[in-house]
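The values are calculated or read from the model by the stated rules, or taken from the named source; none is laboratory data. No experiment lies behind these values; they were computed from the predicted model shown. As a convention, Cβ positions derive from the backbone with ideal geometry for all residues, glycine included, and neighbour counts pool all protein chains shown.
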Amino acid sequence: MQAVVYKGPKEVAIEDVEEPEIEHPNDVVIDITTSCICGSDLHMYEGRTAAEAGIVFGHENMGVVTEVGDAVSTLAVGDRVVAPFNVACGFCENCENGYTGFCTNVNPGFAGGAYGYVAMGPYKGGQAEKLRIPYADFNALKLPEGDQHEDAFALLADIFPTGWHGTELANLQPGDSVAIFGAGPVGLMAAYSAKIKGAAEIYVVDRVPSRLELAEQHCDATGINFEEGDPVDQITQQHGGEVDKGVDAVGYQAIDPDTDPGSDAYDPARENPAVVLNQLVQVVRPTGQLGIPGLYVPSDPGAPDEMAAQGRLGIDFGKLFEKGQKLGTGQCNVKQYNRQLRDLIIEGRADPSWVVSHRVSLEEAPEMYEKFDNREEGVTKVLLEP
Ligand SMILES: NC(=O)c1ccc[n+]([C@@H]2O[C@H](COP(=O)([O-])OP(=O)(O)OC[C@H]3O[C@@H](n4cnc5c(N)ncnc54)[C@H](O)[C@@H]3O)[C@@H](O)[C@H]2O)c1
Ligand SMILES: [Zn+2]
Ligand SMILES: [Zn+2]
């Protein structure tokens, strides 16, 4: 079958790979109907992880069951399902407590497994024609038959739950004001979740105008362009002070937004891995809370300095302490939210499909990886259809 294979920094190719099979009685195999490209794939694509050539990418997967292992009891051939990007067993201590992003059984020696991702276990990605889903009764979420809401349901594999998770980590409550850094797919879904939860004011920071426009249009947010001035100043001026909650949907590859006269000329290729965390500490009020779904890594082969290469960042911890702020981090436990978010979509109370900008064939993946990686105007979320 055809699949998207990582070849090396900034290069993926469509190659013929082996078809998945039932390896364990708890597995199912699905025919992929939609698989998405994610900002998390870009860290591997850019050579900013330990990913080696040969990985089949794709952790945001949905499709139709074609083979069912003997021990699977709730799924049948023909069922339409979406799989959380996390691979989880369902019965380890973390899974029992709902922390399926930190399953201790699926990736020995590590807490957490995922499809098509470096260090996340042996699970092949779904940017392909077929996918094996392990512990399928637990990991496959059933969807209504047919092809209704295909785009919206595909987002249940990661970014809708992950955006929601960002607001949960920040303990966002109705009536809160919130600053969300990053208007990529995850930041936009965090803003949409904040709207659904009844946030009073939503500020979304980025530099890509088309992404900020989506935040304004679909989330009733105020777009803040960090190239037009310090985002903390812009938010505190418009809001009249610090906000209640903050979300980091950027992660360690944050662009250094420093445009101060006297500092080095601003260059969007220059990174500052701690800048968003520190701006959140500044912009959130004392005793407020920060949700950090943006990815940080313990080792970064392309880091701007030696400390960052080991995942050590210069965080204003003194200021955070002084302000008595709380923070939450980590992979999204997709299963905590995907069933409820599915039902919001089915009942017409949520439709996150506005974030999807492209649905293309698998063959177009190399071109779309390049465009999405360049954060080209209008390239927001790309879905692949084999
Ligand atoms: N925790 C999880 O489970 C989880 C799941 C999915 C994605 N992620 C992570 O979330 C992050 C965002 O993913 P995405 O798919 O939205 O990708 P993305 O890379 O398209 O989005 C990041 C956005 O941040 C903007 N940005 C860069 N520097 C900035 C700065 N200094 N201030 C404000 N905005 C800035 C970029 O212009 C871009 O639009 C990534 O780090 C990804 O790995 C985490
Ligand atoms: Zn993803
Ligand atoms: Zn587990």
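Go through the residues of the stretch 46-57 one by one and say whether even a single one is part of a strand (DSSP E or B), touching a Lys or Arg at 6+ places or on another chain (Cβ under 7 Å) and either away from ligand 3 (no atom under 16 Å from the Cβ) or under 30 Å from P144 (Cα atoms) (or both).
Among the residues of the stretch 46-57, at least one is part of a strand (DSSP E or B), touching a Lys or Arg at 6+ places or on another chain (Cβ under 7 Å) and either away from ligand 3 (no atom under 16 Å from the Cβ) or under 30 Å from P144 (Cα atoms) (or both), which makes the answer yes.
Between a residue in the stretch 325-346 that is closer than 24 Å to A111 by Cβ and any residue that is among the charged types (D, E, K, R) and buried (at least 17 other Cβ atoms within 10 Å of the Cβ), which pairs come within a Cβ distance under 7 Å, given they are 6 or more apart or on different chains?
V334/D158
With respect to the numbered conditions (1) within 14 Å of ligand 2 (Cβ to nearest atom); (2) touching a Gly at 6+ places or on another chain (Cβ under 9 Å), which one is the sole condition not fulfilled by N107?
For N107, the failing item is (1).
Output the number of the condition that E377 fails; it satisfies all remaining conditions of (1) buried (at least 17 other Cβ atoms within 10 Å of the Cβ); (2) part of a loop (DSSP other than H, G, I, E, B); (3) within 20 Å of the chain's Cα centre (by Cα); (4) modelled with pLDDT of 95 or more.
Of (1) buried (at least 17 other Cβ atoms within 10 Å of the Cβ); (2) part of a loop (DSSP other than H, G, I, E, B); (3) within 20 Å of the chain's Cα centre (by Cα); (4) modelled with pLDDT of 95 or more, only one is false for E377: (1).
What number goes with the only condition from (1) within 19 Å of L327 (Cβ to Cβ); (2) under 18 Å from the mean Cα position of the chain (by Cα); (3) surrounded by fewer than 24 Cβ atoms within 10 Å (Cβ to Cβ); (4) without any contact (Cβ under 8 Å) to a residue 60 or more places away in the chain that R285 does not pass?
Among (1) within 19 Å of L327 (Cβ to Cβ); (2) under 18 Å from the mean Cα position of the chain (by Cα); (3) surrounded by fewer than 24 Cβ atoms within 10 Å (Cβ to Cβ); (4) without any contact (Cβ under 8 Å) to a residue 60 or more places away in the chain, R285 violates only (2).
Restricting the search to the stretch 346-374, which residues are in a helix (DSSP H, G or I) and within 23 Å of N139 (Cα to Cα)?
I346, P352, S353
Among Q148, Q127, which is the only one that is over 20 Å from the mean Cα position of the chain (by Cα) and either among the β-branched types (V, I, T) or more than 16 Å from ligand 3 (Cβ to nearest atom) (or both)?
Q148
Being in a strand (DSSP E or B) and either touching a Ser or Thr at 6+ places or on another chain (Cβ under 7 Å) or within 16 Å of ligand 3 (Cβ to nearest atom) (or both) is true for just one of V5, V29. Which residue is that?
Sole residue among the options that is in a strand (DSSP E or B) and either touching a Ser or Thr at 6+ places or on another chain (Cβ under 7 Å) or within 16 Å of ligand 3 (Cβ to nearest atom) (or both): V29.
Run down D343, D300 and say which single residue is not in a loop (DSSP other than H, G, I, E, B) and not small (G, A, S).
D343
Taking the residues in the stretch 73-104 that are within 16 Å of ligand 2 (Cβ to nearest atom) and in a helix (DSSP H, G or I) as candidates, determine which candidate is farthest from G163 (Cα to Cα).
It comes out as T100.
Anything in the stretch 89-124 that is in contact with a Lys or Arg (Cβ under 7 Å, 6 or more places away or on another chain) and within 9 Å of ligand 3 (Cβ to nearest atom)? List them, or say none.
The answer is T100, and nothing else.
Is it the case that G187 is within 16 Å of ligand 2 (Cβ to nearest atom), touching a residue at least 40 places away in the same chain (Cβ under 8 Å) and either in a strand (DSSP E or B) or within 22 Å of C38 (Cα to Cα) (or both)? Working first, answer last.
Working: within 16 Å of ligand 2 (Cβ to nearest atom): yes; touching a residue at least 40 places away in the same chain (Cβ under 8 Å): yes; either in a strand (DSSP E or B) or within 22 Å of C38 (Cα to Cα) (or both): yes.
Against the criterion (within 16 Å of ligand 2 (Cβ to nearest atom), touching a residue at least 40 places away in the same chain (Cβ under 8 Å) and either in a strand (DSSP E or B) or within 22 Å of C38 (Cα to Cα) (or both)), G187 qualifies.
I want to confirm something. Restricting to the stretch 105-119 and keeping residues that are touching a His at 6+ places or on another chain (Cβ under 8 Å) and assigned to a loop (DSSP other than H, G, I, E, B), which single residue is nearest to V5 (Cα to Cα)?
Our first condition is that a residue be touching a His at 6+ places or on another chain (Cβ under 8 Å); within the stretch 105-119, this holds for 114-117.
Now narrow it down to the ones that are assigned to a loop (DSSP other than H, G, I, E, B): 115-117.
On the way: Y115: 13, G116: 10, Y117: 12 Å.
Per the criteria, the residue is G116.
Give me the residue from the stretch 343-357 that is within 18 Å of P185 (Cα to Cα) and over 17 Å from the mean Cα position of the chain (by Cα) and, out of that set, surrounded by the fewest Cβ atoms within 10 Å (Cβ to Cβ).
Keep residues of the stretch 343-357 that are within 18 Å of P185 (Cα to Cα), which gives 345, 350-357.
With the extra rule that they be over 17 Å from the mean Cα position of the chain (by Cα), the set shrinks to 345, 350-351.
On the way: I345: 21, A350: 20, D351: 14.
For the stretch 343-357, the residue satisfying everything is D351.
Which pairs do you get when a residue that is at positive phi, found in the stretch 72-96, comes within reach of a residue that is more than 16 Å from ligand 1 (Cβ to nearest atom), reach meaning Cβ atoms under 6 angstrom, with the pair 6+ apart or on two chains?
Taking only residues 6 or more apart or on different chains, the pairs are G90/Y135; G90/F138.
Can you tell which of A265, A269, A274 is under 23 Å from W164 (Cα atoms) and either within 20 Å of the chain's Cα centre (by Cα) or without any contact (Cβ under 8 Å) to a residue 40 or more places away in the chain (or both)?
So the residue among A265, A269, A274 that is under 23 Å from W164 (Cα atoms) and either within 20 Å of the chain's Cα centre (by Cα) or without any contact (Cβ under 8 Å) to a residue 40 or more places away in the chain (or both) is A274.
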